[in-house]
1. Take residues that are open to solvent by less than 20 Å² (accessible area, probe 1.4 Å) and tell me which of the helices (runs of 4 or more DSSP H) falling wholly in the stretch 94-183 contain 3 or more.
2. Return yes or no: is GLN349 touching a strand residue (DSSP E or B) at 6+ places or on another chain (Cβ under 8 Å) and open to solvent by less than 30 Å² (accessible area, probe 1.4 Å)?
3. For the stretch 64-85, which residues satisfy the criterion of being more than 9 Å from the ligand (Cβ to nearest atom), free of Cβ contacts under 8 Å to residues at least 60 places away in the same chain and open to solvent by less than 30 Å² (accessible area, probe 1.4 Å)?
4. Which of (1) under 30 Å from ARG197 (Cα atoms); (2) more than 9 Å from the ligand (Cβ to nearest atom); (3) of a type in the set (A, V, I, L, M, F, W, C); (4) not in a helix (DSSP H, G or I) is the odd one out, the single condition ILE5 does not satisfy?
5. Among the residues of the stretch 201-211, are any in a strand (DSSP E or B) and surrounded by 15 or more Cβ atoms within 10 Å (Cβ to Cβ)?
6. Specify which of the listed residues (LEU195, LEU177) is within 16 Å of the ligand (Cβ to nearest atom) and modelled with pLDDT under 95.
7. Mind checking which pairs have a first residue in the stretch 8-36 that is closer than 13 Å to ALA117 by Cα and a second that is more than 8 Å from the ligand (Cβ to nearest atom) and among the polar types (S, T, N, Q), Cβ under 6 Å, 6 or more apart or different chains?
8. If only one of GLN248, GLN277 is open to solvent by 60 Å² or more (accessible area, probe 1.4 Å), farther than 26 Å from LEU58 by Cα and within 16 Å of the ligand (Cβ to nearest atom), which one is it?
Amino acid sequence: MLNEIEVDVAVIGGGPAGLAAAISAKENGAEKVLLIERGSRLGGILNQCIHDGFGLVLFNKSLTGPEYAEIFIEKLLKLKIDYMLNSMVLELTPSKKLYVANRNGYHLVKAKAVVLAMGCRERTRGAIKIAGSRPSGVYTAGLAQNFINLQNLMIGRTAVILGSGDVGLIMARRLTLEGVKIQAVVEIMPFPYGLRRNVVQCLEDYNIPLHLSHTVTEILGRSRVEAVKIAKVDENLKPIPGTEKIIQCDTVLLSVGLIPENELSRQAGVEIDPKTQGPVVNSMLQTSIKGIFACGNVLHVNDLVDYVTVEAQKAGMWAAKYALNELPEPDRKEIEITLGENVRTVVPQKIVPGLDTSLFFRVYKPGKNKTLNIIVDGKNIIQKKCPSITPSEMLKADLKGEYTLNAEKIHVEVCE
Ligand SMILES: Cc1cc2nc3c(=O)[nH]c(=O)nc-3n(C[C@H](O)[C@H](O)[C@H](O)COP(=O)(O)OP(=O)(O)OC[C@H]3O[C@@H](n4cnc5c(N)ncnc54)[C@H](O)[C@@H]3O)c2cc1C
């Protein structure tokens, strides 16, 4: 029998985004808040991130992932917010009905407002089409992290890591500390993709070689990985014939990008931004479907968890207001932001006129001493100096509502 539950705000996902959104929804007046998590514990990806570096912005402390999550789990419990574990949301409808499966059966959750906080997942070997045989010993970096940090399982003895994003870098250090020899980190771009601090602390401090402008072209081995073939790439990121090298290893770790997990959002008809691969949202973090809000890595892949928390607090607040029929109805159309030089993504993509909005950007190319310009109706109203930019780091700017009250056009660019 279908078990029916009615709530004010349903939050999908119990990672840092879901936790902060649920707490904020409750604190902003939503009486019945329900958090639904498919895993067996709250905290999301933080549970397996046992390195420190979390909470630097919000708490001015370098916490581990579990320590950071615990702060919010305790608050959730204190506020007596309902949550379901081992419960997977299988379907979300545009009318905000959620179909949830768990051991106790099948549940229909009817929500006045929904917060999407499902996080993201890793790209796999299939997604990047590496040639070669199909031996064991090929892992995604997050899966390897889960095996080592949560399940106490060792994954190999000598490894090559493809991808120098933060996840790949952190795993290079983690595996080294566990006695694995990291033969190389291979990066297709001409610059490291992760935060500078992680390049220093995770590679340079351990003398791990980083091969920029290189990729893995083939995985070799019969039952277990025996080696990888790497090659230099040209400016179109295509391997250059004749530059191949063989590196012996028994393990390959793929750290080649995260994809926001938006199956449920798509199913509900939420408009997706092809660049962020997350929902298109406005200043209230409301998606194209009224009453459905989004935050965290399901909205755009974040570099710092602190920003995820702040964003989710806003999503939870606006969701509570929607559920209580208190969401302000803007009297003008939302303003779509246009992207100029060296700006790859912006979130939110649409501005509610007159509302203060924090904007997050990512750039295409790294650079030094650049300026972020926010131009409203042809007038450059924010000029932010950026001593160093890289595609892996988000740029943030706060746009005051007074600038957009009567505005028609907002344009952003990162220039000399
Ligand atoms: C290796 C690694 C290192 C990092 N290092 C740092 C660092 O040093 N400092 C820092 O600030 N940040 C770091 N981060 C980034 C930070 O951890 C993330 O930005 C943050 O955890 C994202 O939070 P989230 O809640 O959006 O997603 P997640 O933590 O992924 O949570 C999403 C949750 O949703 C659940 N879910 C998904 N679909 C469903 C469904 N259909 N039904 C029910 N539940 C569902 C998932 O099970 C998951 O628990 C790191 C990330 C990684 C992977």
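1. 141-145, 166-177
2. So GLN349 fits the description; yes.
3. Hits for the stretch 64-85 are ILE73, LEU76, ILE81.
4. (1)
5. Filtering the stretch 201-211 down to residues in a strand (DSSP E or B) leaves 210-211.
Pick out the ones that are also surrounded by 15 or more Cβ atoms within 10 Å (Cβ to Cβ) and you get 210-211.
Yes, some residue in the stretch 201-211 is in a strand (DSSP E or B) and surrounded by 15 or more Cβ atoms within 10 Å (Cβ to Cβ).
6. On the way: LEU177 fails: modelled with pLDDT under 95.
Answer to the selection: LEU195.
7. Filtered contacts from the stretch 8-36: PRO16/THR309; ALA20/THR309; ALA20/GLN313.
8. Selected residue: GLN277, the only one of GLN248, GLN277 that is open to solvent by 60 Å² or more (accessible area, probe 1.4 Å), farther than 26 Å from LEU58 by Cα and within 16 Å of the ligand (Cβ to nearest atom).
The values are calculated or read from the model by the stated rules, or taken from the named source; none is laboratory data. Just so it is clear, the model here is predicted, and its values are computed rather than measured. Cβ atoms come from the backbone with ideal geometry, glycine included; neighbour counts cover every protein chain shown. All accessible areas refer to the heavy atoms of the entire protein, side chains included, with ligands and DNA or RNA removed. Shrake-Rupley method; radii C 1.70, N 1.55, O 1.52, S 1.80 Å.
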